[in-house]
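The values are calculated or read from the model by the stated rules, or taken from the named source; none is laboratory data. For clarity, every value in this text was computed on a predicted model and none was experimentally measured. FYI the Cβ positions are ideal-geometry reconstructions off the backbone, even for glycines, and counts take in every protein chain you see. All accessible areas refer to the heavy atoms of the entire protein, side chains included, with ligands and DNA or RNA removed. Shrake-Rupley method; radii C 1.70, N 1.55, O 1.52, S 1.80 Å.
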Amino acid sequence: MSEPLIRFQNLSKRFKRNRVLDAVTLDLEPGERIALIGSNGAGKTTLIRCLLGEYTFDGGVIVDGLGARRERTHVLSTIGFVPQLPPPLKMPVRQLVHFAAAICGSSAERMLDVARRLGLDVQSIAARPFNRLSGGMKQKLLIAIALGRDTRVLVLDEPAANLDPEARQIFFQLLAERLENTTMIISSHRLDEVAPLVNRVIEMDMGKIVLDDRVADESSLAALFAVCLVFSRADEAIAKTLTGWNFVAEEAAETTAWTGEVAAPDRLRFFGMLSRYVGLLSRIEMHETGD
């Protein structure tokens, strides 16, 4: 039997008297897409930081046969990481991209190409300090740096939180292109945000794993669904929300119809939003348009 790509062996971590990780043992296989869920303080971020070799710890973390702490440089060369909170870097955008490309042995142009696909015009912000960018711009640039290189592991901490719906669709397409050769760990405090992206769910609570379950595999991350919504009357709140999802209104005599597209992994999020207006919803039509 082959060794797992990532192995946590009896992993424990304390901060002073507070035990944040409590003897976590876990194997992650190549090609798995894991939702790492749990409330704030459950231990998710600390587990990720141990994987990245940022903390000392008791027990072991092995990545592709290498110690995460002992051989950190080699391990980090195989991991792409998108943090939830962008680092407060003052480096200009152009310099940051070229620095990141040089560090990980990739090309700046490859990272810039991913950024362009996400809708980020890097040329117009090339001289701007990273910490002066908007939240969405920072997120797109960090995703571009992580996905614009060859990695066996992607660690994504609330990766699409600051992305607009169009950028989220492109992000899901980018992940779909990596399905065959990349293990993904997607951390979130809400399962419905990431469930369609993953094939395994691991829940943490008080530093322990309390759930480890396989889920139905969504093989078509890049698929789009054409959606038509009909409401009994026009409503300003609905209009504002659906415009944010890039839907277009078509007014009729007594109803207002909206049409648009929703990425397959965004279906739960979309229906959650739509539930706020169910009292005015007269009809919904939805069908897959393909990858």
Fraction of accessible area attributable to carbon and sulfur, the range 135-263 (%, probe 1.4 Å):
49
Scan the chain and report its longest stretch carrying no trypsin sites (Lys or Arg not before Pro) that are both in a DSSP loop and have at most 12 other Cβ atoms within 10 Å.
91-232
With springs only between Cα atoms under 10 Å, which of 224, 120, 280 fluctuates most in a Gaussian network model of the chain?
280
Keeping all protein chains in the complex and leaving out DNA, RNA and ligands, what accessible area do you get for residue 130 with a 1.4 Å probe, in Å² to the nearest 10?
0
So what is the accessible area of the chain per residue, in Å², with the probe set to 1.4 Å?
50
Mean residue ellipticity (222 nm) of the chain, computed from DSSP H runs ≥ 4 via -39,500 (n - 2.57), nearest 500:
-8000 deg cm²/dmol
Under 26 Å between alpha carbons: how many lysine pairs meet that in the chain, if sequence neighbours fewer than 8 apart on the same chain are excluded?
11
Here are several values of percent of Cα pairs over 36 Å apart: (i) 15; (ii) 26; (iii) 22. Which one was derived from the coordinates shown?
(iii)
Leaving out ligands, DNA and RNA, what percent of the accessible area of the range 43-84 is carbon and sulfur, probe 1.4 Å?
45
Compare 25, 46 by solvent-accessible area with a 1.4 Å probe and give them largest first, with all protein chains kept in place.
25, 46
